[in-house]
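Participant: Quick one: structure below, then a few questions.
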């Protein structure tokens with residue numbers, strides 16, 4: 001488990017304990033806890049049991065992501081990101097439907113039939129998106145844990161736990177998607193603010 005993977009996990013989460021870092025990095029909680037402790041001692045993370053990244057950690061993460069970027073096929077990443085735009089637009093539409101039943105009516109989630117229809121749209125999107133995810137993992141092996149994270153969210157949705165659509169404090173489908181999008185933006189050396197202005201943010 002690399003410093004890059006752990007620092008990135010904590011940055012994306014804002015605050016992350018060993019369990020969250022383990023999910024993000026595809027390791028055990030024990031391994032994650034050990035690495036977090038090492039990075040805390042180095043001044044790159046702080047706090048516990050939920051760690052936060054320090055300014056020094058952010059600087060180190062920028063160095064590490066820059067080094068990683070130099071080893072990757074930039075053209076392949078551009079193609080993957082272009083392929084990501086279509087599914088990303090679909091997810092934005094789904095999330096709007098999850099939050100609002102129409103332009104003036106918030107979704108209070110009391111209509112199980114309505115919510116079930118939105119969940120089915122998430123599941124359909126997931127099937128269409130998996131080839132793009134596979135390409136991303138092939139180009140950047142560090143992203144491999146995203147497959148299991150999406151799998152878990154989908155499994156929970158299939159069992160009827162609709163909190164896995166978009167709840168932010170857990171690995172909901174939207175949370176995992178948002179973090180993957182952040183990864184792709186960073187791998188291309190781009191900025192989320194600019195991507196949002198271009199209409200490509202979730």
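The values are calculated or read from the model by the stated rules, or taken from the named source; none is laboratory data. Here the structure is a predicted model, which is why all the values come from computation and not from measurement. Here the Cβ is made from the backbone with ideal geometry for all residues, glycine too, and neighbour counts use every protein chain on show.
Participant: Restricting to the range 14-38, count the residues that are closer than 20 Å to residue 151 by Cα, in contact with a strand residue (DSSP E or B) (Cβ under 8 Å, 6 or more places away or on another chain) and not in a helix (DSSP H, G or I).
Facilitator: 0
Participant: Please pick out the residue among 148, 196 that is surrounded by fewer than 17 Cβ atoms within 10 Å (Cβ to Cβ), under 27 Å from residue 68 (Cβ atoms) and modelled with pLDDT under 95.
Facilitator: 196
Participant: Same structure, new question: Report yes if some residue within the range 80-87 is assigned by TED's automatic domain parsing to the domain that holds residue 185, over 21 Å from residue 142 (Cβ atoms) and not in a helix (DSSP H, G or I); otherwise report no.
Facilitator: Within the range 80-87, not a single residue is assigned by TED's automatic domain parsing to the domain that holds residue 185, over 21 Å from residue 142 (Cβ atoms) and not in a helix (DSSP H, G or I).
Participant: Just name the residue that is surrounded by the fewest Cβ atoms within 10 Å (Cβ to Cβ) out of those in the range 88-117 that are touching a helix residue (DSSP H, G or I) at 6+ places or on another chain (Cβ under 8 Å) and within 18 Å of residue 161 (Cβ to Cβ).
Facilitator: 109
Participant: Hey, does the range 39-53 have a residue that's touching a strand residue (DSSP E or B) at 6+ places or on another chain (Cβ under 7 Å), part of a helix (DSSP H, G or I), outside the structural domain of residue 147 (by TED's automatic domain parsing) and surrounded by fewer than 18 Cβ atoms within 10 Å (Cβ to Cβ)?
Facilitator: Within the range 39-53, one or more residues are touching a strand residue (DSSP E or B) at 6+ places or on another chain (Cβ under 7 Å), part of a helix (DSSP H, G or I), outside the structural domain of residue 147 (by TED's automatic domain parsing) and surrounded by fewer than 18 Cβ atoms within 10 Å (Cβ to Cβ).
Participant: I'm trying to understand the selection: among the residues of the range 111-155, which are in contact (Cβ under 8 Å) with a residue 60 or more places away in the chain, farther than 19 Å from residue 171 by Cβ and in a helix (DSSP H, G or I)?
Facilitator: Result: 139, single match.
Participant: Could we say that residue 16 is at pLDDT 95 or above and farther than 20 Å from residue 181 by Cα here?
Facilitator: Against the criterion (at pLDDT 95 or above and farther than 20 Å from residue 181 by Cα), residue 16 does not qualify.
Participant: Can you tell me how many residues within the range 156-175 are outside any helix (DSSP H, G or I) and at negative phi?
Facilitator: Qualifying residue count, the range 156-175: 10.
Participant: Could you please let me know if residue 65 is touching a helix residue (DSSP H, G or I) at 6+ places or on another chain (Cβ under 7 Å), part of a helix (DSSP H, G or I) and surrounded by fewer than 19 Cβ atoms within 10 Å (Cβ to Cβ)?
Facilitator: Criteria met by residue 65.
Participant: While we're on this one: Take residue 57 and tell me if it is on the phi > 0 side of the Ramachandran plot and in contact with a helix residue (DSSP H, G or I) (Cβ under 8 Å, 6 or more places away or on another chain).
Facilitator: no
Participant: Name the residues in the range 74-87 that are under 18 Å from residue 121 (Cα atoms) and buried (at least 17 other Cβ atoms within 10 Å of the Cβ), would you?
Facilitator: Passing the criteria: 84, 87.
Participant: Just checking, does the range 57-75 include any residue being farther than 19 Å from residue 189 by Cβ and not assigned by TED's automatic domain parsing to the domain that holds residue 186?
Facilitator: Yes, some residue in the range 57-75 is farther than 19 Å from residue 189 by Cβ and not assigned by TED's automatic domain parsing to the domain that holds residue 186.
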